[in-house]
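The values are calculated or read from the model by the stated rules, or taken from the named source; none is laboratory data. Note that the structure is a prediction, hence the values are computed from the model and not measured. For neighbour counting, all protein chains shown are included, and Cβ atoms are generated from backbone atoms with ideal geometry for every residue, glycine included. The area values use the complete protein model at the heavy-atom level, side chains included, leaving out ligands, DNA and RNA. Shrake-Rupley method; radii C 1.70, N 1.55, O 1.52, S 1.80 Å.
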Amino acid sequence: STPVEAEYVQLVNLLDCLLDRLDLNDQYTVETLLANKPSHLSGNYSGLQPLLLIGLRSVKTYQQAFKVLQRLSKVEEPTLIDDSGNRVRDMYTLILPWCLRCMEENIMDELVAEYASDTASLAEMEDRPSIARIMTSFVKSRFRTKDDFMRQAAAALREHYAPDHWTEIVSLFMSFVLNQERWLQVKSMQFLKVLFQLRETRNPVDKLGSELLMPLLRLLQTDLAPDALQVLEEPMTISGGLAAKHVLRMS
C-alpha cells in the first residue's frame, strides 16, 4: 500500500520471490499465514489482489504487478487473494485491454493467455458461464473481429454485474487511463466507449459526476484527446445537470 513507486516495485518483486517458495493452494500454508497475519491488517484489508490492482495505474509498476496477479490467478482459495466476493469481476475487467492488444497485434502473449484461462476456470466455479466462454474463446482465437470481442465482453459485464457494480468497473478502466503506457490508455478507452453505450452504465456515472471523468479530461491537452473525446461524446449527463459537453468546455 506504499505510495512510493520504487518501494512498491521492490515489494512486488519480493512477493514474486515468495510465491516461488509458498504454495497458496496448500491449505496448511494458508492457515499458517492467516494465523500470523499482523493485527493492523484486520480492518479494510481484503487480500493481495486489490493492492496489486493499484500497481496497474503506473507505467513504472504495472508490468511487475500484472505478472504477480497472473501468478495469483492460479490460486483457487480466495482468502489471501480477494475475499470481498469481487475477485472474478476485477480479474475479468482488468484482462480485457490486454486481450484486445493481443488481438490487434495478432500475437498471443503467454501470460495473458494463462491469465484468461485461469479467469475462465474461476468464473465457472462462480457460475458465470458467459465470462468463462469469452475467456476460453479468446485463448482459442475464436473471435473474428476485435469489435465482436468488445461487444460480447461488455455484454458479459452487463449480464453479471449491472447495475450495482458499474461504478467499480468504470473506475478500474479509468485507473488504466491514468497509466502513461499509451497502449493501455487507448485500449481502456475503447472499452469505456462500448460500456458507456450501455444504458445501465449511465446512472452510476451520473451520480459520481465529473470526478470520475477526470482521467479522460486530463487527456484533452495531449495527443490522445481524440480518443478521450470519443468516449466523452457518448450520451451521459454529469451530476448537477450539466451535459458532458459543458464540462468539456469548462475544462
In the chain, with Lys and Arg counted as +1 and Asp and Glu as -1 at Cβ, which of these residues, A113, H40, L96, has the Cα nearest the positive end of the dipole, that is, farthest along it? L96
Over the range 124-186, with neighbouring protein chains present, the accessible area per residue in Å² at probe 1.4 Å is 50 Å²
At S84 and L33, where each label point lies 7 Å from the Cα along Cα→Cβ, what is the point-to-point distance in nanometres? 1.8 nm
When the Cα centres of the range 1-57 and the range 126-184 are compared, how far apart do they sit, in Å? 26 Å
Furthest towards positive pole of dipole, N179, Y62, F138, structure part the chain, Cβ charges: N179
Can you pull a Stokes-Einstein diffusion coefficient for the chain at 20 °C (1.002 mPa s), Rh from Kirkwood over Cα pairs, as a whole number of µm²/s? 112 µm²/s
Long-range alpha-carbon pairs in the range 1-118, meaning those over 24 Å apart, account in percent for 27 percent
Taking 0.36 nm per residue of sequence separation and subtracting the Cα-Cα distance, how much length would be gained by fully extending the chain between D109 and Q180, in nm to one decimal? 23.5 nm
At 1.4 Å probe size, with the rest of the protein present, what percent of the exposed accessible area of the range 53-128 is carbon and sulfur atoms? 43 percent
May I ask for the net charge around L53, where only other residues with Cβ less than 10 Å from the Cβ of L53 are counted and Lys, Arg are +1 while Asp, Glu are -1? -1
The local net charge around D223, scoring Lys/Arg +1 and Asp/Glu -1 for residues other than D223 whose Cβ lies under 15 Å from its Cβ, equals 0
Around L33 (Cβ within 14 Å, Cβ-to-Cβ, excluding L33; K/R +1, D/E -1) the net charge comes to -3
Using a basic spin-label model with each label point 7 Å from the Cα along Cα→Cβ, how many nm lie between S1 and L229? 4.2 nm
